[in-house]
Amino acid sequence: MRMTPAVKVILIINVVFYVLTYWVTPFVALDGHTDWFLNFNALHPIGYSGFAIYQYITYMFMHGGWWHLFFNMWSLMIFGNAVEQQIGTKRFWFYYLMCGIGSALVNQFITFLGIIPPSQLVGASGAIYGVMAAAAFFFPNARLFIIPIPFPIKLKYLVGFYTLVEMYLGITSIDGVAHFAHLGGILVGAIILFIWRMQEKRQPKNGGGYYRNASSSYGSSSYGSSSYSSSSYGSSSHYDKEEGFWDKLKKGFSGKRTPKMRVMNVRETNHEDHEYNRKKVQDNEEIDRILDKIRKNGYQNLSDSEKATLFNASKKMRGEE
């Protein structure tokens with residue numbers, strides 16, 4: 001599975017923290033404590049000894065064991081790659097960290113209300129659940145196969161089911177799992193996505209953002225073009241293979257257009273045809289380059305001239321030239 005830049009870095013950081021926590025620091029004990037690295041980076045309850053602001057970041061790179069790390073990172077690769085390709089690396093970093101911080105704050109608020117007892121918080125699960133929410137938002141009809149269910153399930157229903165399960169377990173069980181942190185990641189992710197969508201709607205029609213370029217994501221499964229092998233709980237699954245959105249978009253920009261009628265002689269026609277075809281090839285190559293840049297870095301990283309080129313090409317497609 002090819003990983004996107006942010007997903008790759010996040011995975012590496014989590015693995016490094018795991019190695020330092022369980023393989024290195026036990027042999028470098030400070031004051032006789034072999035778990036000092038875990039205590040230093042885990043998020044402590046507010047008002048308790050050991051609490052520090054930086055822990056809102058570091059806690060999401062810590063894990064309680066090998067399987068905790070494995071399932072979180074496997075889920076990150078499944079859903080994170082698709083989401084990062086959709087919104088760009090910079091926005092993905094912002095989204096991931098905000099979901100992680102927000103999930104911790106929600107969990108601490110529930111603790112303050114006395115619904116759950118205070119405890120240290122570790123794990124990327126809150127941020128991962130936020131990424132799952134984004135995947136369901138952008139690719140709602142992408143289908144996944146989950147063992148032992150014999151039929152594919154749409155991603156929007158899967159994430160909805162997980163949300164209900166987390167709500168039930170958070171209220172009824174005390175199993176050492178931060179269920180309200182999971183719900184917090186979904187909640188914060190939904191708020192961020194809603195704000196982005198409102199900002200997109202307020203943008204001028206000739207500007208457009210990544211939502212406009214991906215307008216068919218609302219209720220379409222055309223994005224599920226990559227194969228995957230597991231759900232967020234480690235079950236075997238994959239997105240259905242279909243023609244990708246970017247492939248369709250490229251076809252749209254490079255498709256045939258009906259040239260406007262002109263009266264000209266044979267020599268003019270040959271010359272004009274040659275120039276027209278040469279310019280058409282150059283324009284299509286430029287459009288392909290811009291679309292590839294959007295796919296890798298997001299629409300917001302385009303220059304003004306690239307945005308103008310994309311907008312003019314769109315006008316030509318609609319016959320407005």
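The values are calculated or read from the model by the stated rules, or taken from the named source; none is laboratory data. Just so it is clear, the model here is predicted, and its values are computed rather than measured. Cβ: placed from backbone, ideal geometry, glycine included. Neighbour counts: every protein chain shown. These accessible areas exclude ligands, DNA and RNA; they are computed on the full protein's heavy atoms, side chains included. Shrake-Rupley method; radii C 1.70, N 1.55, O 1.52, S 1.80 Å.
Out of all the residues in the range 173-220, which are modelled with pLDDT under 50 and open to solvent by 30 Å² or more (accessible area, probe 1.4 Å)?
Across the range 173-220, the qualifying residues are 206, 207, 212, 213, 215, 216, 218, 219.
If we keep just the residues of the range 144-164 that are more than 22 Å from the chain's Cα centre (by Cα) and within 20 Å of residue 79 (Cβ to Cβ), which is least open to solvent (accessible area, probe 1.4 Å)? Write out each step before concluding.
Let us first name the residues in the range 144-164 that are more than 22 Å from the chain's Cα centre (by Cα), namely 147-151.
Still in the running and within 20 Å of residue 79 (Cβ to Cβ): 147, 149.
Details: 147: 114, 149: 62 Å².
Among residues in the range 144-164 that are more than 22 Å from the chain's Cα centre (by Cα) and within 20 Å of residue 79 (Cβ to Cβ), the one least open to solvent (accessible area, probe 1.4 Å) is 149.
Among the residues of the range 295-320, count how many are out of contact with any helix residue (DSSP H, G or I) (no Cβ under 6 Å at 6 or more places or on another chain) and at pLDDT below 80.
17
Across the range 81-125, which residue is nearest to the chain's Cα centre (by Cα) among those that are open to solvent by less than 10 Å² (accessible area, probe 1.4 Å) and on the phi > 0 side of the Ramachandran plot?
88
Conditions tested, residue by residue: (1) in contact (Cβ under 8 Å) with a residue 12 or more places away in the chain; (2) touching a Ser or Thr at 6+ places or on another chain (Cβ under 8 Å); (3) assigned to a helix (DSSP H, G or I); (4) more than 28 Å from residue 86 (Cα to Cα).
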{"residue": "108", "(1), (2), (3), (4)": "yes, no, yes, yes"}
{"residue": "114", "(1), (2), (3), (4)": "no, no, no, yes"}
{"residue": "123", "(1), (2), (3), (4)": "yes, no, no, no"}
{"residue": "162", "(1), (2), (3), (4)": "yes, yes, yes, no"}
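Quick one: count up the residues across the range 108-127 that are closer than 14 Å to residue 44 by Cβ and modelled with pLDDT of 95 or more.
The qualifying residues number 3.
Checking residue 135 against (1) assigned to a helix (DSSP H, G or I); (2) under 30 Å from residue 47 (Cβ atoms); (3) open to solvent by less than 20 Å² (accessible area, probe 1.4 Å): exactly one of these is not met. Which one?
If we test residue 135 against (1) assigned to a helix (DSSP H, G or I); (2) under 30 Å from residue 47 (Cβ atoms); (3) open to solvent by less than 20 Å² (accessible area, probe 1.4 Å), just (2) comes out false.
Given the range 6-80, what helices (runs of 4 or more DSSP H) lie entirely inside it while holding 2 or more residues that are surrounded by fewer than 14 Cβ atoms within 10 Å (Cβ to Cβ) and without any contact (Cβ under 8 Å) to a residue 60 or more places away in the chain?
So the answer is 66-75.
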